[in-house]
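Taking it in order: structure first as structure tokens, then the write-up.
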Amino acid sequence: MGSQLAGQLAKIDLHRQEDLVLHLPLRYEDETRLTPIAVARPGFSAQVEGEVVSCEVTLRPRRQLLARVSDASGTLVARWLNFYPSQQKQLAVGRRVRLFGEVRGGFFGDEMVHPRLHAVEPGEGLPEALTPVYPTTAGVGQATLRKLIDRALQSVAVDDPRSDPVPPAVCARLGLPGFADAVCALHHPAPDADPASLENREHPAWRRIKFEELLVQQLSLRRAYNARRAKGAASLPARSTLTRALLEQLPFGLTGAQQRAVGEIAADLAAAHPMQRLLQGDVGSGKTIVAALAMLQAAENGFQAALMAPTEILAEQHYRKLAAWLAPVGVDIAWLSGGRKKREREAELGRLQRGEVLLAVGTHALIEDPVVLPRLALAVVDEQHRFGVRQRLALREKGQEGRRPHMLMMSATPIPRTLAMTHYADLDVSVLDELPPGRTPIRTRLVSDARREEVIGRVRDACLAGRQAYWVCPLIEESEALQLQTAVDTFETLSGALPELRVGLIHGRLKPDEKAAAMAAFVAGELQVLVATTVIEVGVDVPNASLMVIEHAERFGLAQLHQLRGRVGRGTAESVCILIYAQPLSENGRARLKVIYENTDGFVIAREDLHIRGPGEFVGARQSGVPLLRYASLENDVDLIEPARALAETLLATDPVAVERLMARWMGGREGLLRA
Ligand code: ADP
Ligand code: MG
């Protein structure tokens, strides 16, 4: 193979024979039959065969290659706007050709634009099977791919079926063919194969491949899990000296769910291998106190713990909350954020480095170079989905004494069970499935943007009654500048329309201290209305705010809407979330608004979100470090996940050879990222 071709193939991740074998068709075309030209109907794909009666390059209306092809029933025009000399040669008058493409009515009669062209040799029969169409990249034609794949398949076809890593008994139970049979059936479907089951990927051969893909995913996640458990970490048994002191002076008791999570984390921290736990809890379920107790358990043992949050606002809020909780307990906290003055930061760094302070809260500033936490034993990442794999790794590397810190990741984006099983199988999960008592449910209103004035009136009423309101400006994906402009415009409009209220503005372009000042003024009640971009999406906690207005709500994702809505309903006053939408609504936009209107439970919303968006986008594969599933789908193949998980455990325990074969076949050398 030439190096240029190899380079192009590498672009679509085709490096080895195994990759070609697993490069499965997107769809199939039926070239097993010929349609008489007179019978081919506009709007449908067909294959016709005939003799070239004319072929010319015309220049008007633009340069194109026009050929007329006739069979006994009629004549058809074939037209190419881009063409090669080789095509012209194949279309010499008098030659027999097959054309495959969609027929449409044209100026010169029925025509095909850019049909697939195949010169027919004398005596050449029709293919007996459906023709595969492969995903490809510029410069690699279907014919080339087919040839390469067929060659690769030979190496598999001779593979001894007895060496199939999936045991025959499992195949039989699930009704799946062996691997070699499956890939051959998909690349070269039998003439009598059911086209519908190939198309919708329910054919047993497809199910075999999808099962194997899920199996490999389970294997790699379990291996990452086991590898982690083989590493050492500081054992931090619960001494209850500091944690009990904190619990005694808290103004509230923990919910049952919080107690359960605290217990699970405490047990993990006591072990001598690193914890890797996800604490999942809906917006407002009280994850922060759980994190604080875990951090104190590290401190009780004389070790350091760090909490990293994705935004300045959130980090500062955590810092204030933890400082208030911990001051009576006599535990000091360092605060590191990009917004602090250099001198202050350096002082904090010195204290951390010397081990004078055990707890740290901060933004990405925590993982920047000069930060050293010599006794780091616990790293907590809040809103973990907002960080990339690399950032989480960097925090893990901050420890100094060759030990890995325990990791606690927190997320308010609940993960449906199937996703948790497939994408987070290397994590242990604690769930806060209970909200603290005394919350009043949030009412959600959908309002067309024609009624914006009314909404402004509601903001006035709420604020004059002593409450506070957020006004969230639309997401403008194409342009950050435009988004900023909209926020500024909205701020001016609202300031003008509500002269009796103090209106503030917060957005991502403000300097950290400006952001902090605006936020502090809102927390203190000096501002009554806060106009904001989505910077307030995560974590912000102002219990007196009871009205949330979201403009162009149809543009937001479900998780985002749920997060934003969760900014209210934190106090005792009845809270309202007004979603302003603009017509016309896209089908998805309408579906999202319906879900958020009808549901408040984050788990239900996440399930619906998965439904609307599909799992790939949902977890953000790049972020999670888990490769996207290429073939299996978490919606359609749920029934295969549990058997895949079970077989993964059996194979890991009993058949290392099969495990290696599977990993090599599917992953090549790409397992590295998973270790994150
Ligand atoms: P989230 O899970 O969204 O991060 P927080 O940790 O910010 O939630 O908690 C939300 C609010 O609930 C905070 O003001 C917190 O102090 C309060 N809170 C947490 N746990 C309880 C509890 N068990 N009882 C009453 N209030 C609680
Ligand atoms: Mg939080």
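The values are calculated or read from the model by the stated rules, or taken from the named source; none is laboratory data. Note that the coordinates shown come from a computational prediction; the quantities given were computed from them, not determined experimentally. Cβ sites come from the backbone with ideal geometry, for glycine too, and all protein chains shown count toward neighbours.
General observations
- Arg445 being in contact with a Phe, Trp or Tyr (Cβ under 9 Å, 6 or more places away or on another chain), among the basic types (Lys, Arg) and either under 28 Å from Thr288 (Cα atoms) or away from ligand 1 (no atom under 16 Å from the Cβ) (or both): yes
- Within the range 87-101, being within 28 Å of Ala190 (Cα to Cα) and either aromatic (Phe, Trp, Tyr) or surrounded by fewer than 16 Cβ atoms within 10 Å (Cβ to Cβ) (or both) holds for one residue alone: Phe100.
Okay, residues lined up against (1) closer than 26 Å to Arg386 by Cβ; (2) away from ligand 1 (no atom under 16 Å from the Cβ); (3) modelled with pLDDT of 85 or more; (4) among the hydroxyl-bearing types (Ser, Thr, Tyr):
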| position | (1), (2), (3), (4) |
| --- | --- |
| Ala545 | yes, no, yes, no |
| Phe556 | yes, yes, yes, no |
| Thr572 | no, no, no, yes |
| Arg613 | yes, yes, no, no |
| Leu629 | yes, yes, no, no |
| Leu634 | yes, yes, no, no |
| Asp637 | no, yes, yes, no |
| Arg645 | no, yes, yes, no |
| Glu649 | no, yes, yes, no |
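- In the range 237-272, the residues that are over 13 Å from Glu434 (Cβ atoms), surrounded by 13 or more Cβ atoms within 10 Å (Cβ to Cβ) and of a type outside the set (A, V, I, L, M, F, W, C): Pro237, Arg239, Ser240, Thr241, Thr243, Arg244, Glu264, Asp268
- Restricting the range 282-314 to residues that are of a type in the set (A, V, I, L, M, F, W, C), part of a helix (DSSP H, G or I) and within 11 Å of ligand 2 (Cβ to nearest atom), the residue that is farthest from the chain's Cα centre (by Cα): Ile289
- Arg146 basic (Lys, Arg) and assigned by TED's automatic domain parsing to the domain that holds Arg41: no
- Positions within the range 154-182 being modelled with pLDDT of 90 or more and either polar (S, T, N, Q) or in a helix (DSSP H, G or I) (or both), in sequence order: Pro168, Ala169, Val170, Cys171, Ala172, Arg173, Leu174, Phe179, Ala180, Asp181, Ala182
- Qualifying residue in the range 194-205 (condition: modelled with pLDDT under 90 and crowded, with 22+ Cβ neighbours inside 10 Å): no
- Looking at Leu26, Leu34, Leu81, Leu66, just one residue is touching a Pro at 6+ places or on another chain (Cβ under 6 Å) and touching a residue at least 12 places away in the same chain (Cβ under 8 Å), and that residue is Leu26.
- From the list Asp13, Asp30, the lone residue that is among the acidic types (Asp, Glu), modelled with pLDDT under 90 and within 26 Å of the chain's Cα centre (by Cα) is Asp13.
- Looking only at residues of the range 229-281 that are part of a loop (DSSP other than H, G, I, E, B) and within 28 Å of the chain's Cα centre (by Cα), we find that the one that is nearest to ligand 1 (Cβ to nearest atom) is Met275.
- Only one entry of Leu99, Leu117, Leu126 meets the criterion of being closer than 15 Å to Arg41 by Cα and of a type in the set (A, V, I, L, M), and that entry is Leu99.
- Filter result for the condition that a residue is crowded, with 20+ Cβ neighbours inside 10 Å, within 16 Å of ligand 2 (Cβ to nearest atom) and outside the structural domain of Ala517 (by TED's automatic domain parsing), over Glu383, Glu348: Glu383
- Some residue of the range 470-479 being over 23 Å from Val576 (Cβ atoms) and in contact with a His (Cβ under 7 Å, 6 or more places away or on another chain): no
- Qualifying residue in the range 508-515 (condition: farther than 20 Å from Tyr581 by Cα, in contact (Cβ under 8 Å) with a residue 40 or more places away in the chain and not basic (Lys, Arg)): yes
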